[in-house]
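This report concerns only the one structure given below.
What follows is calculated from the coordinates using simple rules that are stated; it is not laboratory data. As the structure is a prediction and not an experimental result, all values here were calculated from the model. Cβ: placed from backbone, ideal geometry, glycine included. Neighbour counts: every protein chain shown.
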Amino acid sequence: MTAIYPPDFRRSVWSLRRIKSDPLAFLEDLAGSPDDDIVPFSLAGRPAFLLKHPAAVEAVLVSQHDKFVKSYGLQRVRRLLGNGLLTAEGDAHRRQRNVVQPAFHRQALERYGEIMVRHAARARDRWQPHQTVEVSAEAGALTLAIVGETLFGADIESLSVEVRQALMVASDALDPLISLLAPARRVRPQRERLAAVIDDLIVRHQRSGGDRENLISLLLASQEAGPHTITDQTRDDALTVLLAGHDTIATALVWTWILLAQHPEAGARIEQEVDALLGSRLASSADVPALVFTRAVLSESLRLRPPAWVVARSATADLELGGIRIPAGSIVLISQYLMHRDRRFYSNPMAFDPDRWLDDRQAGRRKMAYFPFGAGPRSCIGEGFAWMEGVLLLATFAQRWRLKLMDLGEPIRPRPTITLRPPPGVRMVLHERAPL
Ligand code: HEM
């Protein structure tokens, strides 16, 4: 039988203040009964639906994607990133995605592997035994340097503090859930600082003769105005990739180190894998397929702590999902955080169990019950980049270090902002492994 909107307002008792103070609890509370696949509610006075079944996720992101836009919830993000790849819609999006796609082709990724490992090995060899490291800062600086060299052809380590500070301030204002509810806070100063960084990178590229093939050369070559100027489109796309391409993967790396410290038996298995495959030589992109357990650990980390934790869309047409009518103008929410811990699709969902990605449980799982990188035409363009980087970085650090958590005196709870971050100030102590 078809259930028809109006939504069940009893589920909307959360005040904005409560949602802001604990968005994950809001989502969990809203999710209600495990058997409800679609939960109607009201958000900012608009009809809204939380979709909890993989078939509905597939419909929104893939088979019926043309009935949805991102625009409503992304107004704030647009203030920071302009009309770049993450925020553009329709034809503009398709055109820009085609322009930058070559920077993410397989042959390009293979070249990036060497750069990723070189940066990781340099960071690894700067560390000292028993040193305490603020892991988010370390991982953020490292992944920014990697995006800088691979996609921008630039050494941006010196800009790291500037970029990371602007990003941190801005991203606290960019929680995708709160963006749907509250008026935009000012992010203009951050936008201006970051745009200046981008302009500087582009000018450096132009002065160098601009002959190196990378993201900047692709963007400049696509400008109708010619390659010697900087259009808003190029600036917005470059800024989007700089931010989307380092903060997400840094967050994933930090969560993985935390989970490994909490599950040392998994850390020991990564060490066995890298010792047997690499010994003391540097890893390369050719090693990635053989780092099977390391990848399973990363998969499990992205399941339990997905950096992209909720996706919002607005319906542009009436449609029906799972027997429920979704009127045009509705907001739909789909949440990696909720889906990845749904016991209908994962046995013992709260357990950290990398083996679930290696045994036959993997084959039996519904396709869209796991979507850390989204899906369909708006899926993450950097997915292949991220898998390669995550696996190579974990392996390179595991060759030398075991990271142990400093006791914070309280559980490490995820902090939902634009990404699902660990709490600030998580510190880890470095224990050196005996040389092979
Ligand atoms: C663990 C790491 C990463 C995660 C979890 C992640 C997740 C995502 C997700 C879920 C989306 C889709 C958002 C939506 O549907 O609204 C997305 C889009 C995007 N990501 Fe990633 N990402 C990661 C790494 C990267 C990297 C390394 C890059 C670039 C080097 C990147 C660049 C982008 C861009 C440009 C988009 C917009 C694509 C479009 O709309 O066409 N991401 N990412």
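As an equivalent ellipsoid, segment 226-342 spans semi-axes of 36, 26, 12 angstrom, where each value is the square root of five times an eigenvalue of the C-alpha gyration tensor, largest first. Taking only alpha carbon atoms, the chain gives an Rg to Rh ratio of 0.96, where Rh is the Kirkwood radius. Fraction of C-alpha pairs exceeding 15 angstrom in segment 74-129: 67 percent, rounded to a whole number. Centre-to-centre separation between the Cα atoms of segment 402-436 and those of segment 260-276: 16 Å. Over the Cα atoms of segment 46-109, the radius of gyration divided by the Kirkwood radius equals 1.04; this is the Rg/Rh ratio. For the chain, the mean residue ellipticity at 222 nm estimated from helices alone is -14000 deg cm²/dmol, where every DSSP H run of n ≥ 4 contributes -39500 (n - 2.57) and the total is divided by all residues, rounded to the nearest 500. Kirkwood-type hydrodynamic radius, segment 310-436: 18.5 Å, calculated from all non-identical alpha-carbon pairs.
Couplings 3J(HN,Hα) for segment 186-199, derived from phi with the Karplus relation 6.51 cos²θ - 1.76 cosθ + 1.60 (θ = phi - 60°), are 6, 10, 4, x, 5, 4, 5, 5, 5, 5, 5, 4, 5, 4 Hz, where x marks Gly and Pro.
Near residue 318, the amide H atoms lying under 5 Å from its own belong to 328; only residues 5 or more places off or on other chains count, and H is placed 1.01 Å from N.
Built from the Cα atoms of segment 287-362, the convex hull projects on average onto 6.9 nm², one quarter of its surface area.
Overall, the chain carries a charge dipole of about 800 debye about its Cα centre when +1 sits on the Cβ of Lys and Arg and -1 on the Cβ of Asp and Glu, all other atoms neutral.
The mean sequence distance of close C-alpha pairs (under 8 Å, at least 6 residues apart), as a share of the length of segment 9-432, puts its relative contact order at 27 percent. Looking at segment 365-436, what % of the alpha carbon pairs are farther apart than 15 Å? Value for segment 365-436 (Cα pairs over 15 Å): 73 percent.
Phi-derived couplings, Karplus 6.51 cos²θ - 1.76 cosθ + 1.60 at θ = phi - 60°, listed residue by residue for segment 379-387: 5, 5, 6, x, 4, x, 4, 5, 4 Hz, with x used for Gly and Pro. Highest mean packing comes first when the peptides 122-128, 319-325 are listed by Cβ atoms within 10 Å, giving 319-325, 122-128.
Among the lysines of the chain, pairs at least eight places apart or on separate chains and with Cα atoms under 28 Å apart come to 7. Taking 0.36 nm per residue of sequence separation and removing the Cα-Cα distance, the residue 66/residue 407 pair yields an extension gain of 118.0 nm.
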